[in-house]
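Enquirer: Please find one structure pasted underneath; my questions will follow.
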Amino acid sequence: VTESSPQKHVAVLAFSSSSHPLILMNLVRKLAQAAPNVQFSFLNTAKSNLSLFSTTAKPDVPHNIKAYDVADGVPAGHVLSRNPLEAVNFFLKASPENFKRGIDVAVAETGKRISCLISDAFLTFAADVSEDIHVPWIPVWLPLPFSLSAHVYTHLIRQKVGSGLKVATLEFIPGFSSIRILDLPGEVIPENIEEESLFSRTLSQIGLVLPRASAVVLNSYDELNPPLINRDLKLKFRNVFNVGFFTLLSCGSGSDLTGCISWLDEQKERSVAYVSFGTAASPPHNELIAIAEALEVSGIPFLWSLKDDLKELLPKGFLEKTGKRGKIVAWAPQVQVLAHASIAVFVTHGGSNSVCESISYGVPMICRPFFGDHHMNSRIVEKVWGIGVNVEGGILTKNGLLKSLELVLGHGEGKEMRDKAQALKHTVQEAASPNGSAAHDFSSLVEVISVS
Ligand code: UDP
């Protein structure tokens with residue numbers, strides 16, 4: 001525990017989409033415990049704050065974190081589509097004014113001026129906000145560090161890349177010899193630059209603003225990142241801290257409200273396929289049917305995290321036919337699920353937290369990427385780490401999924417993947433140990449916050 005002045009007041013700016021606020025909150029919770037005299041004001045949209053701070057959802061919020069709501073920018077009466085980018089662009093349009101107002105309220109209420117600004121690194125305008133109030137800025141990069149490099153090099157990529165070269169690899173970026181242009185997040189090369197979205201424009205500033213940060217925090221481990229990426233980011237930015245996977249920082253045992261863990265307890269070791277596509281992606285109807293058909297034919301026990309409105313789209317009688325062999329829930333305690341000895345494979349969208357969680361427990365993956373960094377993460381899972389495969393043709397079909405399941409669960413290549421997944425798990429465990437690199441970097445981060 002670091003001694004710090006009671007005057008310190010850290011404003012935390014959250015990016016309101018998908019799992020970002022939840023994961024950032026995990027880090028802030030750990031910081032608040034390590035620096036109990038520092039006050040943390042967590043600025044986030046009302047809806048997201050409600051899910052993070054409601055007493056039933058999270059009763060264990062430390063006393064020195066307080067939530068402040070900021071406007072989400074969605075016009076009154078507007079009904080959002082299923083496309084998560086729509087809400088993102090509304091939110092960014094309301095920024096940074098929404099955050100500035102939130103900061104004023106937090107300062108007035110606590111009587112403490114802001115001493116440091118932590119933000120989701122997607123919020124590139126936070127560099128200006130911190131300079132306006134003369135405090136250090138600490139951006140936190142939540143996805144895997146590979147995609148940070150992709151955004152840092154956006155301008156160079158846009159200069160170099162012609163439209164017809166989608167399968168060419170990005171050799172000119174350190175650590176990217178296996179990454180192709182088509183694996184990049186859509187925001188790096190928008191289809192039509194004239195109509196670039198606000199989200200894409202905001203992210204394109206990352207390489208320009210991050211050198212102004214006092215420290216850059218990565219949701220990763222030094223030992224997990226390719227040395228070329230580590231070296232490059234450390235040359236570009238001051239104080240790059242790999243503080244470990246935030247997704248694991250605060251996972252208590254929790255109660256088993258959905259019965260997932262007791263159900264898994266009844267399954268054989270390394271027998272179950274866990275299926276989940278995160279908080280924002282929704283597979284189209286035909287792919288939901290393909291998954292159901294493949295699971296039914298395969299005879300493999302499965303646990304499927306599927307939102308209620310999508311569950312209605314499953315083939316009639318599917319649940320009855322698969323009986324006790326399958327379980328569907330609207331929300332699974334994913335970290336505990338992946339940690340369970342019965343899990344054999346994870347069918348995932350390749351979201352960065354899902355990938356980190358799978359690595360942490362040595363579970364091989366079958367990836368069906370949708371948007372954002374999913375394609376890049378899935379490519380890394382398959383080609384860099386060798387701990388999983390991408391579904392054939394990029395979309396889920398009955399035969400494609402059956403083939404992937406056979407491959408990952410079988411001998412030969414599957415065994416190699418499982419061995420590599422175990423080896424990566426051990427690398428992470430070592431880095432995450434009390435004397436490991438992540439604990440060292442975390443202490444350095446606490447120090448920066450406590451003295452600034
Ligand atoms: N998650 C969970 N239960 C579910 C579905 C998702 O706990 O049923 C959690 C998962 O453990 C992960 C996060 O939600 O921490 C999803 O993050 P990810 O980066 O994989 O995807 P995103 O939702 O941001 O697309």
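Enquirer: Only one of (1) more than 12 Å from the ligand (Cβ to nearest atom); (2) touching a residue at least 60 places away in the same chain (Cβ under 8 Å) fails for F318. Which number is that?
Expert: In the conditions (1) more than 12 Å from the ligand (Cβ to nearest atom); (2) touching a residue at least 60 places away in the same chain (Cβ under 8 Å), F318 misses (2) alone.
Enquirer: What number of residues in segment 183-232 are under 25 Å from G394 (Cβ atoms), open to solvent by 60 Å² or more (accessible area, probe 1.4 Å) and touching a residue at least 24 places away in the same chain (Cβ under 8 Å)?
Expert: Of the residues in that region, 1 qualify.
Enquirer: For segment 358-372, does any single residue satisfy the condition of being at pLDDT 95 or above, at positive phi and assigned to a loop (DSSP other than H, G, I, E, B)?
Expert: Yes - at least one qualifying residue is present in segment 358-372.
Enquirer: Only one of (1) in contact (Cβ under 8 Å) with a residue 24 or more places away in the chain; (2) of a type outside the set (G, A, S); (3) more than 11 Å from the ligand (Cβ to nearest atom) is not met by D373, so which one is it?
Expert: (3)
Enquirer: Of the numbered conditions (1) free of Cβ contacts under 8 Å to residues at least 60 places away in the same chain; (2) of a type outside the set (K, R); (3) assigned to a helix (DSSP H, G or I), V389 satisfies every one except a single condition; which is it?
Expert: Among (1) free of Cβ contacts under 8 Å to residues at least 60 places away in the same chain; (2) of a type outside the set (K, R); (3) assigned to a helix (DSSP H, G or I), the lone unmet condition for V389 is (3).
Enquirer: In segment 321-330, which residues are within 16 Å of the ligand (Cβ to nearest atom) and closer than 15 Å to S262 by Cα? Step through it out loud before you land on a result.
Expert: So in segment 321-330, the residues within 16 Å of the ligand (Cβ to nearest atom) come out as 326-330.
The answer is G326, K327, I328, V329.
Enquirer: Residues that are within 14 Å of the chain's Cα centre (by Cα) and either surrounded by 20 or more Cβ atoms within 10 Å (Cβ to Cβ) or closer than 30 Å to G175 by Cα (or both): does segment 321-334 have at least one? So that I can check it myself, show each step before the final result.
Expert: Of all residues in segment 321-334, those within 14 Å of the chain's Cα centre (by Cα) come to 334.
In the following step, the residues that additionally are either surrounded by 20 or more Cβ atoms within 10 Å (Cβ to Cβ) or closer than 30 Å to G175 by Cα (or both) were identified as 334.
Checked segment 321-334: at least one residue is within 14 Å of the chain's Cα centre (by Cα) and either surrounded by 20 or more Cβ atoms within 10 Å (Cβ to Cβ) or closer than 30 Å to G175 by Cα (or both).
Enquirer: Related question: When segment 387-401 is examined, which residues are found to be open to solvent by less than 30 Å² (accessible area, probe 1.4 Å) and out of contact with any Asp or Glu (no Cβ under 7 Å at 6 or more places or on another chain)?
Expert: I387, V391, L401
Enquirer: Among the numbered conditions (1) under 17 Å from N26 (Cβ atoms); (2) near the ligand (Cβ under 8 Å from one of its atoms), tell me where A339 comes up short.
Expert: In the conditions (1) under 17 Å from N26 (Cβ atoms); (2) near the ligand (Cβ under 8 Å from one of its atoms), A339 misses (2) alone.
Enquirer: Restricting to segment 352-368, name every residue that is open to solvent by 10 Å² or more (accessible area, probe 1.4 Å) and not polar (S, T, N, Q).
Expert: E357, Y361, R368
Enquirer: So which residues in segment 30-51 are within 16 Å of the ligand (Cβ to nearest atom) and surrounded by fewer than 21 Cβ atoms within 10 Å (Cβ to Cβ), if there are any at all?
Expert: Answer for segment 30-51, where residues must be within 16 Å of the ligand (Cβ to nearest atom) and surrounded by fewer than 21 Cβ atoms within 10 Å (Cβ to Cβ): K30, K47, S51.
Enquirer: Considering each residue of segment 296-315, count those that are away from the ligand (no atom under 16 Å from the Cβ), open to solvent by 60 Å² or more (accessible area, probe 1.4 Å) and within 31 Å of the chain's Cα centre (by Cα), and give that number. Talk me through it step by step, then tell me what you get.
Expert: Initial filter on segment 296-315 (away from the ligand (no atom under 16 Å from the Cβ)): 296-301, 312-315.
Cutting the leftovers down to open to solvent by 60 Å² or more (accessible area, probe 1.4 Å) gives us 296-297, 312-313.
Keeping just the survivors that are within 31 Å of the chain's Cα centre (by Cα) gives 296, 312-313.
Of the residues in that region, 3 qualify.
Enquirer: Identify, by number, the condition in (1) modelled with pLDDT under 95; (2) open to solvent by less than 60 Å² (accessible area, probe 1.4 Å) that V451 doesn't meet.
Expert: (2)
Enquirer: Now for a different question. For segment 130-148, how many residues are more than 18 Å from V355 (Cα to Cα) and of a type outside the set (V, I, T)?
Expert: 7
The values are calculated or read from the model by the stated rules, or taken from the named source; none is laboratory data. Since we're looking at a predicted model, the values are computed, not measured. Every residue, glycine among them, receives a Cβ derived from its backbone with ideal geometry; neighbour counts consider all protein chains shown. The protein model used for the area step is the full one, side chains on, heavy atoms only, and it has no ligands, DNA or RNA in it. Shrake-Rupley method; radii C 1.70, N 1.55, O 1.52, S 1.80 Å.
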